[in-house]
Amino acid sequence: QTEIYLAGLSGVVPQLPMTFTELERRAELAMPPGTWSYVAGGAGDERTQRANREAFDHWGLVPRMLRATTERDLSVELFGHRLPSPLLMAPIGVIGICTQDGHGDLATARAAAATGVPMIASTLTEDPMEEVAAAQGETPGLFQLYCPTDPEVAQSLVSRAERAGYSAIVVTLDTWVTGWRPRDLSTSNFPQLRGHALANYFSDPVFRSRLAKPPEEDPGAAILTWATMFGRPLAWDDLAWLRSLTDLPIVLKGVCHPDDARRAVDEGVDGIYVSTHGGRQANGGIAAVDCLPEVREAVPGTTVLLDSGVRSGSDVVKALALGADAVAVGRPYAFGAALGGTDGIVHVLRTILAEADLLMAVDGYPTIADLDREAVRRL
Ligand code: FNR
């Protein structure tokens, strides 16, 4: 903020978007229509997607006065790592379709290195996870697993993530099959099938052993083999097997019911990630942020993450007050990538964090720990 106002004194007006509405508008102009639909769209008539955002309007922060907030500390501890802020980048497969050079995962990783905002690297990246990890610098990354039906390929992906230095495995539960997405269906637009974002598979020795010819020689057959093993519909019985794959903390993404959260923690899971996948998987559902208070209450002491619909610093602060330990954004940083690669992502993250920081200053909450349920009211 200070940077922008000072520049304004010498007549320099920021060229970058300062609101999400403006970011979205410019990203749409910058992206080819099919890519835009894929990234911006959701399931069914997109009611859950809209609900995710509108739900933040049903919660209001309560300002507190006469508290010393000149110094703020937004840092949090996540799976043994001290992070400068409670913000994360949600996993976005095929983010390479958003950037000019196709290497959206590396752009995201570099933004993570520049800001300290961790990237949750998707299974579906356009560069192998080892290269993505290396580009994250000192910022600890997390690896998101879409669990393949072939257990040995799953083991291989997880072991590679562990060796590459990722700090946790985030297992996405809600996407063993792709949801009903009319925008993509009407254009037959499913970018992964064109071979984007399969670098983790194509570089995987166990996956390669399942092919008659290497992917370089017959990419079509490799894509088909991948498609047959893409999504294992995980069940409670699989948790022990998942646990046996790694010593890293395991986080389950897509948990919205308090009973599911409780049982997952009872069965040895380390973190719960409340998410409706940004409304891309199921339609007609409850907003993720409205699930958060009950999940928080169900698993006291367990790390709880949230995404879906977070667009601003005030959304982040509300989610923290409702019980999240850290909050992730998805589409906002994908739009940033479309506008300016790493720099665009850094800009989006910095504006969200600057707004959160100032809000905590004026509302009287100097640290994340001060943001408890008393800080927020249902409107
Ligand atoms: C996603 N998301 C996602 N989630 C995941 O676990 N693995 C993935 O590969 C992807 N891929 C993906 C692609 C695109 C284009 C989008 C927009 C989203 C879901 C993502 O992690 C997150 O849950 C939502 O994006 C959060 O909602 P918002 O912030 O986009 O509203």
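The values are calculated or read from the model by the stated rules, or taken from the named source; none is laboratory data. Source: prediction; values computed, not measured. When we count neighbours, we look across all protein chains shown, and the Cβ atoms used for this are built from the backbone with ideal geometry, even at glycine. Each accessible area value is taken on the protein alone, full model and side chains, heavy atoms only, with ligands, DNA and RNA left out. Shrake-Rupley method; radii C 1.70, N 1.55, O 1.52, S 1.80 Å.
Observations on the structure shown:
- Qualifying residue in the stretch 27-46 (condition: in a helix (DSSP H, G or I), within 20 Å of the chain's Cα centre (by Cα) and more than 20 Å from Gly104 (Cα to Cα)): no
- Number of positions in the stretch 279-306 that are open to solvent by 10 Å² or more (accessible area, probe 1.4 Å) and near the ligand (Cβ under 8 Å from one of its atoms): 1
- For the stretch 325-365, the set of residues classified as away from the ligand (no atom under 16 Å from the Cβ), assigned to a helix (DSSP H, G or I) and over 15 Å from Leu106 (Cβ atoms) consists of His347, Arg350, Ala354, Asp357, Leu358, Leu359, Met360, Ala361, Val362, Asp363, listed by residue number.
- The stretch 94-113, residues that are in contact (Cβ under 8 Å) with a residue 40 or more places away in the chain, open to solvent by 40 Å² or more (accessible area, probe 1.4 Å) and assigned to a helix (DSSP H, G or I): Arg110
- Within this structure, Asp73 fails the test of being under 30 Å from Tyr365 (Cβ atoms), within 16 Å of the ligand (Cβ to nearest atom) and open to solvent by 30 Å² or more (accessible area, probe 1.4 Å).
- Only one of Pro91, Pro63 that is surrounded by 14 or more Cβ atoms within 10 Å (Cβ to Cβ) and in a loop (DSSP other than H, G, I, E, B): Pro91
- Tally of residues being within 17 Å of Leu242 (Cα to Cα) and within 12 Å of the ligand (Cβ to nearest atom) across the stretch 257-278: 1
- Qualifying positions in the stretch 314-343 - under 18 Å from Pro118 (Cβ atoms) and among the small types (Gly, Ala, Ser): Ala319, Ala324, Ala326, Ala328, Gly330, Ala334, Gly336, Ala337
Yes/no matrix, rows are residues, columns are (1) within 13 Å of the ligand (Cβ to nearest atom); (2) farther than 21 Å from Ser314 by Cβ; (3) β-branched (Val, Ile, Thr):
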{"position": "Arg67", "(1), (2), (3)": "no, no, no"}
{"position": "Ser85", "(1), (2), (3)": "no, no, no"}
{"position": "Ala90", "(1), (2), (3)": "yes, no, no"}
{"position": "Ile97", "(1), (2), (3)": "yes, yes, yes"}
{"position": "His103", "(1), (2), (3)": "no, yes, no"}
{"position": "Ala109", "(1), (2), (3)": "no, yes, no"}
{"position": "Ala114", "(1), (2), (3)": "no, yes, no"}
{"position": "Ser122", "(1), (2), (3)": "yes, yes, no"}
{"position": "Ala134", "(1), (2), (3)": "no, yes, no"}
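- Leading residue by the ranking (nearest to Ser312 (Cα to Cα)) among those in the stretch 335-379 that are among the β-branched types (Val, Ile, Thr) and touching a helix residue (DSSP H, G or I) at 6+ places or on another chain (Cβ under 7 Å): Ile352
- When each of Arg50, Arg64 is tested for being among the basic types (Lys, Arg), within 21 Å of the chain's Cα centre (by Cα) and at pLDDT 95 or above, the lone residue that passes is Arg50.
- Residue in the stretch 246-256 that is small (Gly, Ala, Ser) and more than 10 Å from the ligand (Cβ to nearest atom) present: no
- Condition met for Asp315 (within 23 Å of Ala168 (Cα to Cα), in contact with a strand residue (DSSP E or B) (Cβ under 9 Å, 6 or more places away or on another chain) and of a type in the set (D, E, K, R)): no
- Selection of the stretch 257-312 for residues being under 14 Å from the mean Cα position of the chain (by Cα), in a loop (DSSP other than H, G, I, E, B) and small (Gly, Ala, Ser) yields Ser275, Ser308, Gly309.
- The stretch 114-135 - residue that is open to solvent by less than 10 Å² (accessible area, probe 1.4 Å) and of a type in the set (Ser, Thr, Tyr) and, of those, nearest to Phe79 (Cα to Cα): Ser122
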